[in-house]
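The values are calculated or read from the model by the stated rules, or taken from the named source; none is laboratory data. Nothing here was measured: the structure is a model prediction, and the numbers come from that model. Counting neighbours? That spans all protein chains shown, and the Cβs are built from the backbone with ideal geometry, glycine included.
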Amino acid sequence: MDLKRTVLYEQHRAAGAKLVPFAGFEMPLQYSGVLEEHRCVRSRAGLFDVSHMGEIEVRGTDALAFIQRLTTNDASRLTEGRVQYSAMCNGDGGIIDDLLVYHMGSHFMLVVNAGNIATNLAWMRRQLEGDVDLVDASDATALIAVQGPESRSILRHLTTADVESLPYYHSIRGTVAGTDLLISRTGYTGEVGFELYFPAEKKSAETLWNSLLDAGKDAGLRPAGLGARDTLRLEMGFCLYGNDIDHTTNPLEAGLGWITKLGKGAFIGSETLAAVKARGPERKLVGLRLDGKNVPRKGYPITAEGREIGTVTSGGFSPTLERGIGMGYIPKAIAVAGKPVQVAIRGNNCEAEIVSLPFVTSRPQV
């Protein structure tokens, strides 16, 4: 299968990025190295090309009612410029995707995972009712993320938009380095950061990318790839679709009860989820912290008292904690912080401890 490329592909090649297949795209895994890029984002700032993500516009007079029926969170609370984390579930309460909902004024925009764009669109079209029009803007939209404690100061050099006071999970229109775009105070790293949505035009994308790198040179800004993006989100305990959540998991067991508003009225899967909440989920997604140099990976068994109790859904080395960490589902009855468990790594039962998420405390999101 031919891999798609973002409008910044040539910039990644020129920077010496290691390119790998991801969600149908040829994407940068790393530039200088995952550990260095991770630590740069935590201490200074990193620049990510995340143009592979999907953007679906929901238009029409019944757009809000459609989103309310489709997603778990309460989109009626959104006003223009507000952003909301949410999920779409099937009738059994299984997660079809997690996503962001943007109130764009005249319409809504859903930002979905790259590997789920076609699946999401097919599902959404089957649910259409009333005056609703869906527009797949994924290929026409590019997305750059500037993440880290220096991200505000970097953007201030390139825009007159008020990025200093833009609250978390809010967005504004503005011009950055001559490109008209949407500036969003969101991200996947746990750090202060911004995501910039703009038309996927090669020349303007390259100008914006290079302008950001130039403006951030003194602040230590570096390009960062998917490897660091994954370790950063893992330290924060953020779920990754296809690992920690999918159609076999529900939001309540995944720790996403805070985006599951059962009181807003019926939505797809709400009846099943209400029943799960009433009896309590049977299992829970927990954090795992390992001893020594042991590093858990997806699929490794989790054991306790000589029996298997679950499997690792996400795992890796934490550059911040300098030890192995992971997540996985285990029975709720034993999902207690401080409880010792083991992770089977290459035939050896390695000691681990259940810990509360996140593994690393994020900066105040104000």
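Restricted to the range 186-201, and to residues that are within 20 Å of Met109 (Cα to Cα) and acidic (Asp, Glu), which residue is nearest to the chain's Cα centre (by Cα)?
Among those that are within 20 Å of Met109 (Cα to Cα) and acidic (Asp, Glu), it is Glu195.
Among the numbered criteria (1) farther than 29 Å from Asn73 by Cα; (2) at pLDDT 95 or above; (3) out of contact with any Asp or Glu (no Cβ under 8 Å at 6 or more places or on another chain), which single criterion is violated by Ala274?
Just one mismatch for Ala274, condition (1).
Got a number for residues in the range 304-327 being closer than 25 Å to Ser43 by Cα, aliphatic (A, V, I, L, M) and surrounded by fewer than 18 Cβ atoms within 10 Å (Cβ to Cβ)?
1
Given Thr313, Thr303, Thr272, which one is over 28 Å from His170 (Cα atoms), assigned to a helix (DSSP H, G or I) and of a type in the set (S, T, N, Q)?
Sole residue among the options that is over 28 Å from His170 (Cα atoms), assigned to a helix (DSSP H, G or I) and of a type in the set (S, T, N, Q): Thr272.
Checking the condition crowded, with 19+ Cβ neighbours inside 10 Å and either of a type outside the set (Asp, Glu) or under 26 Å from the mean Cα position of the chain (by Cα) (or both), which residue from Pro301, Pro296 passes?
The unique qualifying residue is Pro296.
If you check Gly287, Gly255, which single one turns out to be touching a residue at least 12 places away in the same chain (Cβ under 8 Å), outside any loop (DSSP other than H, G, I, E, B) and not charged (D, E, K, R)?
Only one candidate qualifies: Gly287.
Inspect the range 121-129 for any residue being of a type outside the set (A, V, I, L, M, F, W, C), touching a residue at least 40 places away in the same chain (Cβ under 8 Å) and outside the structural domain of Lys203 (by TED's automatic domain parsing) and give the result as yes or no.
The answer is yes; a qualifying residue exists.
Please go through the range 51-82 and pick out each residue that is β-branched (Val, Ile, Thr) and either at pLDDT below 95 or crowded, with 22+ Cβ neighbours inside 10 Å (or both).
Residues satisfying the conditions are Val58, Ile67, Thr71, Thr72.
Working only within the range 117-134, note down all residues that are surrounded by fewer than 21 Cβ atoms within 10 Å (Cβ to Cβ) and of a type in the set (S, T, N, Q).
Result: Thr119, Gln127.
Would you kindly identify the strands (runs of 3 or more DSSP E) lying entirely within the range 1-120 that contain at least 3 residues that are more than 15 Å from the chain's Cα centre (by Cα) and touching a residue at least 12 places away in the same chain (Cβ under 8 Å)?
Correct list: 18-22, 25-30, 54-59.
Scan the range 121-134 for residues that are part of a helix (DSSP H, G or I) and either at pLDDT below 95 or touching an Asp or Glu at 6+ places or on another chain (Cβ under 8 Å) (or both) and jot them down.
Residue satisfying the conditions is Leu121 alone.
Hey, among Ala137, Ala142, which residue is modelled with pLDDT of 95 or more, surrounded by 23 or more Cβ atoms within 10 Å (Cβ to Cβ) and of a type in the set (A, V, I, L, M)?
The conditions single out Ala142.
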